[in-house]
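Novice: Before I ask anything, here is the structure I am working with.
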4 protein chains.
Amino acid sequence: MRTETQRPVGLAVVGAGYWGPNLVRNALVSPHTQLHYVVDVDRERAERVCASYAGVAATDVLAEALCDPRVEAVAVATPACTHLDVALTALDAGKHVMIEKPLAASYEEGLHLVRAAESAGLVLMCDHTYCYTPAVAKIRELVHAGVLGDFQFLDSVRINLGLVQRDINVLWDLAPHDLSILDFVLPQGCSPLAVAAHGADPLGVGQACIAYLTLQLSGGAIAHVHVNWLSPTKVRTTMVGGSKRTLMWDDLNPAQRIAVYDRGVDMADPDDLALDERREAMVSYRSGDMVAPALQEREALQAAMEEFAACIREGRTPATDGRAGLRVLDVLEAANRSLMFHGSVVALRGEAR
Amino acid sequence: MRTETQRPVGLAVVGAGYWGPNLVRNALVSPHTQLHYVVDVDRERAERVCASYAGVAATDVLAEALCDPRVEAVAVATPACTHLDVALTALDAGKHVMIEKPLAASYEEGLHLVRAAESAGLVLMCDHTYCYTPAVAKIRELVHAGVLGDFQFLDSVRINLGLVQRDINVLWDLAPHDLSILDFVLPQGCSPLAVAAHGADPLGVGQACIAYLTLQLSGGAIAHVHVNWLSPTKVRTTMVGGSKRTLMWDDLNPAQRIAVYDRGVDMADPDDLALDERREAMVSYRSGDMVAPALQEREALQAAMEEFAACIREGRTPATDGRAGLRVLDVLEAANRSLMFHGSVVALRGEAR
Amino acid sequence: MRTETQRPVGLAVVGAGYWGPNLVRNALVSPHTQLHYVVDVDRERAERVCASYAGVAATDVLAEALCDPRVEAVAVATPACTHLDVALTALDAGKHVMIEKPLAASYEEGLHLVRAAESAGLVLMCDHTYCYTPAVAKIRELVHAGVLGDFQFLDSVRINLGLVQRDINVLWDLAPHDLSILDFVLPQGCSPLAVAAHGADPLGVGQACIAYLTLQLSGGAIAHVHVNWLSPTKVRTTMVGGSKRTLMWDDLNPAQRIAVYDRGVDMADPDDLALDERREAMVSYRSGDMVAPALQEREALQAAMEEFAACIREGRTPATDGRAGLRVLDVLEAANRSLMFHGSVVALRGEAR
Amino acid sequence: MRTETQRPVGLAVVGAGYWGPNLVRNALVSPHTQLHYVVDVDRERAERVCASYAGVAATDVLAEALCDPRVEAVAVATPACTHLDVALTALDAGKHVMIEKPLAASYEEGLHLVRAAESAGLVLMCDHTYCYTPAVAKIRELVHAGVLGDFQFLDSVRINLGLVQRDINVLWDLAPHDLSILDFVLPQGCSPLAVAAHGADPLGVGQACIAYLTLQLSGGAIAHVHVNWLSPTKVRTTMVGGSKRTLMWDDLNPAQRIAVYDRGVDMADPDDLALDERREAMVSYRSGDMVAPALQEREALQAAMEEFAACIREGRTPATDGRAGLRVLDVLEAANRSLMFHGSVVALRGEAR
């Protein structure tokens, strides 16, 4: 039953650059949101984005949108260095906020936002878009239901020809996707403890264009992310290994995005073995079927918008809330420090209170 | 012209386990070698391997083969911990030696062998088999001819379901392939300086079953190797990135093993740019053709045998000599130390004299 | 130089169903067209399609659009059975016409249209969209430039889960793509002579859901098209074989759509051989490189629109004119007759005058 | 329990050319056979094949092998035109016979052999090797168990660079594989009724190098085979469509040879529908999982040898008996006639008595 509380959430989109138009398009078609403003420091750009849509105003004055009582929430797609400022202004004006990844330009700034939202009782959501794809939802479901068994490893490759960025390295550009996915699918009680990052800048642009990130996880598990702006071929694969099954996700293969292999190395129970025969007998192969589960086709950003609106209406915490964004920033900052110290292992802060 | 000096090299194969029968088979069909003995501590195993072949004797006494003046050279395929002993005995008896990878169980042992062979003026070859495949030969040719431009990175993935080994971790089992290939294709003047390794042992077998190895190379280049015994799918890919072109090698795609992409990120000459426009203007995309060069089909071990025989007859150093084996051991030992210290960066010894 | 004659062509789109909105969207963004009307028998549907666009009127009265002197041309995307009526009305009103494939519901109707356009001196273009993709343009270029050598064969597979159609079989639904591509890339002097089609209707819906179409081409070449609505996997591959090189086009592999193989079977010149050694000596393998040429990314329909506008302005015949549409209808009708007679070979009419 | 009746079958292999050595190798390692002779008209070739094996005699006199009472059975791998002569001689001598595909050079010759074996009460097996692969065994199992539902279609592609043959066209060279597989997996009561073949000889060698073969099956099902000697890429795929599930077999993908799709087009029960809504309502999509069943790795020829030996010992008919070979010849001859008459549909003889 659709009640009054499910009326569309009045929305302003801030930022009309690369990602903003996607927010605008999805906000317009979603029954859960009602777009009132597009805000951009470049007023013409804002106008271009909303020109043909009735009832949407373009402005270069954020306050104009925030003053309008119809606006209940703000979706922020400005450069990361402005997230703190924009989001804080919105929260201060009593608006719920969804922020493009990364949550902020630093952990400190992100923490500031999280605390501001929590003390104001407002929804702060980090738009970790991939977490709203049917593929990642399926991965989480399989991990959490125990289908994969104990979590052992996650290996992610996200490489392609990427435009070298001015202010951020390849880790900050691409790895937030992998880190937010990792954060989303990890089972209860398993979390990253420390990070080491190795990079190279073969073009001499002053930023790593190739990077390898290793995360030590609690319980002896491991995660690894390979990001690269110099690969002529595009690869988007993630392998999630468990004690029972291992899953391969190939996001570029729409016909078979996820494959679950019931195939692996089995261990005998070591208690059943005398000590000296322990290693020999411990391991045997298992050759089972592979299942590629059917996945719905659905635009992830649409589902993210719906989650944002539902959290506002129901007063609950988003699946990818500000703290999820904070955990990703924790890893990114540690990774940058590790890069600076040539791959030294850097411990994470862990959950902030 | 085929002269007397090209008469087949008289050979003994030591070790009739996993790899030895391949040596035997190749030695028998090669016109460059004449197999006289198969030696194994398990005499029956040696007999089984050479049973049906006329003129090949089985023995469990190495000295028996070494005493025979027809035997000029020995090919060693015993466990790594016995390489020093077997190879040294053979060198002392004046025989040329080819050794299965890794050269020895430690850098010190390997160095001992290299010095022994050098002082005796005998050929010491490390059987880095992959270096004798048409694919790796082509990669080396393209790198050395400058077709790829400046060497920027090498990324190698070698994963599959692998039987957990008793005494060695996944790095010592699989990475010697990648490291010997790296050593073989690197351009003059580019060499590994330091190593960091990260691993996990999610089965609790006392050995890393998953490992990531990063090598810092001179000149700011980087190499990375991912080896994994727990992957349900088999992957064998190596990407070699250069300033002009980038190459993908997929060893499991016989129809298109090597693809050379004339596609990438171009840099403007920074001297032509004012300082402040430097970063913006520096980078542009290049979208060129891909060429998959035709490769001969040839068994690598056959070519390795031929190289060994030719080096003996011509008194020259093999393409993969003892020192190449030593450089691989240098990296492997540093990697083990890094693993032990949770990913600390460990400097390599560099070339021993 | 952009002259007055290059001013945008005033356009009406007729048909707002499945394909019409694509025409509308492309007409709006193209600098070569100016959209004035969307016409549909269902006025609401027409309104929905053009609602948010300024300056575009929705109507269910075709005459309304045809009376407007700003309308110089009409793009028709109505069901095939209405093409004759709609297009003839437009031609009679002195408008240039672009028609969605197939040109008409029958060869006779198509011929009627072609003659009407020719006698009125108006442009009649068949929107064979695939012919305007960079991939097909490249194939045509390679065939016509002689890079493939003599044309030997074309083999096309276009299969996927397809909704069983009410009035047309799988050949009429899917094969127009393959046939228009064949028509477009065939070298001068090579054309289809006869057709045989085999089909099956395993669902019992009264229409073939699986069909195989063979075309005998002049000069001994052959073409074959496999279309299938029951395949759970989607395949879109075309192989074009020539005496020098053979080309593979995989439209579902954006990273490598076209691959040109310099690999094949070579023939000795039979005149150089004695008669009895003719066959033995005639054939040898050639193992050369494969090249995957870089292709621009461009929306095909945009390019088709541009061609239509340019033909109107320059008074020339489109690359895919009415006669091209007619040649496709010739094959489709013959294919239907062959299906009806269980695969009998049916000769084509050939070029109509 | 292994009884006296399971003692190895005494064997002679006739023909030491392309395929014979495979028979020899498998006969030697199989516990079910004991190889005594290799026979070839070229005695040296026979000697080369069995030289190094103890207890195997080489001869160019077939009668020598047939006289030896230890020889119970003969495996024939000579050119097809000699099959009748060799096999008949062996049958007359009271030996069981396994024959390389095709069974004979013509249907008449094949029928002669089948009748001779049947009247002598001897085993006549046609070595349709593919039928003994784990993949084809799995396909048959799934079809026969009803997992795929009603059999609807089979589509097979077997193309690669092939050496143009002197006396046989590409259909006789390659299609016997597909036809024997079709014969093997077809459900009870479903069989080919008629055949049409289209071919091309673009090299002018006097034989079709490209051919398309369509088979009309009883019950409205269809089968199609594409064979081609001029394809620069090797393809080996077979799709088997059923009313419930459709199966894809890619023999060149060892990691996932068979994929079973629970995905398709569903039909409503027409009896539940009023006549005029019949077509509209009849069809809907079904989007289910895909399962890739685990397959054993096993050499097919080994399994074929075992079947031959078991049939001899147990007095039963092989899974691929002479009549299966005859059914394949029936199709091949009809296909040749169809080729000769430019694709005319040719009815099959059906089962001979």
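Novice: Residue check: is A:Gly204 at pLDDT below 95, at positive phi, touching a helix residue (DSSP H, G or I) at 6+ places or on another chain (Cβ under 9 Å) and not hydrophobic (A, V, I, L, M, F, W, C)? Walk me through how you get there before you give the answer.
Specialist: On the way: at pLDDT below 95: yes; at positive phi: yes; touching a helix residue (DSSP H, G or I) at 6+ places or on another chain (Cβ under 9 Å): yes; not hydrophobic (A, V, I, L, M, F, W, C): yes.
Spelling it out, A:Gly204 is indeed at pLDDT below 95, at positive phi, touching a helix residue (DSSP H, G or I) at 6+ places or on another chain (Cβ under 9 Å) and not hydrophobic (A, V, I, L, M, F, W, C).
Novice: Mind listing just one residue for me: the one in segment D:302-322 that is under 12 Å from the mean Cα position of the chain (by Cα) and either at pLDDT below 95 or not charged (D, E, K, R) (or both) and, of those, farthest from D:Ala135 (Cα to Cα)?
Specialist: First pass over segment D:302-322, keeping only residues under 12 Å from the mean Cα position of the chain (by Cα): D:304, D:319-322.
Among the residues that remain, those that are also either at pLDDT below 95 or not charged (D, E, K, R) (or both) are: D:304, D:319-320, D:322.
On the way: D:Ala304: 14, D:Ala319: 15, D:Thr320: 16, D:Gly322: 22 Å.
Ranking the qualifying residues of segment D:302-322, first place goes to D:Gly322.
Novice: Taking the options B:Pro232, B:Pro254, name whichever one is at pLDDT below 95 and in contact with a Gly (Cβ under 8 Å, 6 or more places away or on another chain). Steps first, please.
Specialist: Details: B:Pro254 fails: in contact with a Gly (Cβ under 8 Å, 6 or more places away or on another chain).
Just a single option satisfies the conditions, and that option is B:Pro232.
Novice: On the basis of being more than 14 Å from chain A (Cβ to nearest Cβ) and closer than 18 Å to C:His96 by Cβ, does C:Leu35 make the cut?
Specialist: Numbers: more than 14 Å from chain A (Cβ to nearest Cβ): no; closer than 18 Å to C:His96 by Cβ: yes.
No; evaluated as a whole, the condition is false for this residue.
Novice: Could I ask something else about it? Could you grab me the full set of residues in segment D:42-76 that are surrounded by 14 or more Cβ atoms within 10 Å (Cβ to Cβ) and free of Cβ contacts under 8 Å to residues at least 12 places away in the same chain?
Specialist: D:Glu47
Novice: Answer yes if at least one residue in segment C:96-119 is out of contact with any Asp or Glu (no Cβ under 6 Å at 6 or more places or on another chain), within 16 Å of C:Gly10 (Cβ to Cβ), charged (D, E, K, R) and modelled with pLDDT of 95 or more, and no otherwise.
Specialist: No, there is no match, as no residue in segment C:96-119 is out of contact with any Asp or Glu (no Cβ under 6 Å at 6 or more places or on another chain), within 16 Å of C:Gly10 (Cβ to Cβ), charged (D, E, K, R) and modelled with pLDDT of 95 or more.
Novice: Within segment B:261-275, is there a residue that is surrounded by 23 or more Cβ atoms within 10 Å (Cβ to Cβ) and either modelled with pLDDT under 95 or not assigned by TED's automatic domain parsing to the domain that holds B:Asp201 (or both)? So that I can check it myself, show each step before the final result.
Specialist: Step one: list which residues in segment B:261-275 are surrounded by 23 or more Cβ atoms within 10 Å (Cβ to Cβ), which gives B:261, B:264.
Filter once more, keeping what is either modelled with pLDDT under 95 or not assigned by TED's automatic domain parsing to the domain that holds B:Asp201 (or both): B:264.
Checked segment B:261-275: at least one residue is surrounded by 23 or more Cβ atoms within 10 Å (Cβ to Cβ) and either modelled with pLDDT under 95 or not assigned by TED's automatic domain parsing to the domain that holds B:Asp201 (or both).
Novice: Out of all the residues in segment B:14-35, which are closer than 22 Å to B:Arg298 by Cα and of a type in the set (Val, Ile, Thr)?
Specialist: Filtering segment B:14-35 for residues closer than 22 Å to B:Arg298 by Cα gives B:18-35.
Answer for segment B:14-35, where residues must be closer than 22 Å to B:Arg298 by Cα and of a type in the set (Val, Ile, Thr): B:Val24, B:Val29, B:Thr33.
Novice: Looking only at segment A:35-89, which residues are over 20 Å from A:Pro8 (Cβ atoms), in a helix (DSSP H, G or I) and of a type in the set (Gly, Ala, Ser)?
Specialist: Answer for segment A:35-89, where residues must be over 20 Å from A:Pro8 (Cβ atoms), in a helix (DSSP H, G or I) and of a type in the set (Gly, Ala, Ser): A:Ala46, A:Ala63, A:Ala80, A:Ala87.
Novice: D:Ala75 is checked against (1) within 28 Å of B:Arg48 (Cα to Cα); (2) out of contact with any Gly (no Cβ under 9 Å at 6 or more places or on another chain) and fails just one. What number does that condition carry?
Specialist: That leaves (2) as the condition not met.
Novice: Taking segment B:139-156, which residues are outside any loop (DSSP other than H, G, I, E, B) and surrounded by fewer than 21 Cβ atoms within 10 Å (Cβ to Cβ)? Show your work before the answer.
Specialist: Taking segment B:139-156 as the starting set, the residues that turn out to be outside any loop (DSSP other than H, G, I, E, B) are B:139-144, B:151-156.
B:Arg140, B:Glu141, B:Leu142, B:His144, listed by residue number.
Novice: A further question follows. Take segment D:294-342 and flag every residue that is among the charged types (D, E, K, R) and either within 14 Å of another protein chain (Cβ to nearest Cβ) or in a helix (DSSP H, G or I) (or both).
Specialist: First, the residues of segment D:294-342 that are among the charged types (D, E, K, R): D:297-299, D:306-307, D:313-314, D:316, D:321, D:323, D:327, D:330, D:333, D:337.
Across segment D:294-342, the qualifying residues are D:Glu297, D:Arg298, D:Glu306, D:Glu307, D:Arg313, D:Glu314, D:Arg323, D:Arg327, D:Asp330, D:Glu333, D:Arg337.
Novice: Which of the residues belonging to segment D:333-348 are surrounded by fewer than 23 Cβ atoms within 10 Å (Cβ to Cβ) and within 19 Å of the chain's Cα centre (by Cα)?
Specialist: D:Glu333, D:Asn336, D:Leu348 - these are the residues of segment D:333-348 that are surrounded by fewer than 23 Cβ atoms within 10 Å (Cβ to Cβ) and within 19 Å of the chain's Cα centre (by Cα).
Novice: Oh, and also: Can you name the condition, by its number, that A:Val260 falls short on among (1) outside any loop (DSSP other than H, G, I, E, B); (2) within 24 Å of B:Gly242 (Cβ to Cβ)?
Specialist: Of everything listed in (1) outside any loop (DSSP other than H, G, I, E, B); (2) within 24 Å of B:Gly242 (Cβ to Cβ), A:Val260 misses just condition (2).
Novice: So in segment B:169-207, with the set limited to residues that are among the aliphatic types (A, V, I, L, M) and without any contact (Cβ under 8 Å) to a residue 40 or more places away in the chain, which one is nearest to the other protein chains (Cβ to nearest Cβ)?
Specialist: Of segment B:169-207, the ones among the aliphatic types (A, V, I, L, M) are B:170-171, B:174-175, B:179, B:181-182, B:185-186, B:193-197, B:200, B:203, B:205.
Remaining after also requiring without any contact (Cβ under 8 Å) to a residue 40 or more places away in the chain: B:200, B:203.
Working: B:Ala200: 4, B:Leu203: 6 Å.
Top of the filtered list is B:Ala200.
Novice: When segment C:208-254 is examined, which residues are found to be closer than 24 Å to D:Gly241 by Cβ, part of a loop (DSSP other than H, G, I, E, B) and at the interface with chain D (Cβ under 9 Å from one of its Cβ atoms)?
Specialist: C:Cys209, C:Trp229
Novice: Residue under question is A:Leu11, and the condition is that it be in a helix (DSSP H, G or I) and modelled with pLDDT of 95 or more; does it hold?
Specialist: Numbers: in a helix (DSSP H, G or I): no; modelled with pLDDT of 95 or more: yes.
So A:Leu11 does not fit the description; no.
Novice: Checking C:Gln165 against (1) outside any helix (DSSP H, G or I); (2) buried (at least 20 other Cβ atoms within 10 Å of the Cβ), which test does it fail?
Specialist: Among (1) outside any helix (DSSP H, G or I); (2) buried (at least 20 other Cβ atoms within 10 Å of the Cβ), the lone unmet condition for C:Gln165 is (2).
Novice: Residue check: is B:Arg115 surrounded by fewer than 19 Cβ atoms within 10 Å (Cβ to Cβ) and either within 14 Å of chain A (Cβ to nearest Cβ) or in contact with a helix residue (DSSP H, G or I) (Cβ under 7 Å, 6 or more places away or on another chain) (or both)? Step through it out loud before you land on a result.
Specialist: Numbers: surrounded by fewer than 19 Cβ atoms within 10 Å (Cβ to Cβ): yes; either within 14 Å of chain A (Cβ to nearest Cβ) or in contact with a helix residue (DSSP H, G or I) (Cβ under 7 Å, 6 or more places away or on another chain) (or both): no.
Against the criterion (surrounded by fewer than 19 Cβ atoms within 10 Å (Cβ to Cβ) and either within 14 Å of chain A (Cβ to nearest Cβ) or in contact with a helix residue (DSSP H, G or I) (Cβ under 7 Å, 6 or more places away or on another chain) (or both)), B:Arg115 does not qualify.
Novice: Looking only at segment B:123-168, count every residue that is away from chain A (no Cβ under 14 Å) and small (Gly, Ala, Ser) and tell me the total.
Specialist: Number satisfying all stated conditions: 4.
Novice: If B:Ser180 satisfies every condition in (1) surrounded by fewer than 18 Cβ atoms within 10 Å (Cβ to Cβ); (2) under 23 Å from B:Val74 (Cα atoms); (3) of a type outside the set (Lys, Arg) but one, which is the exception?
Specialist: Here B:Ser180 clears every test but (1).
The values are calculated or read from the model by the stated rules, or taken from the named source; none is laboratory data. None of these values were measured; they are calculated from a predicted model. Heads up, the Cβs are rebuilt from the backbone with ideal geometry, glycines too, and the neighbour counts pull from every protein chain shown.
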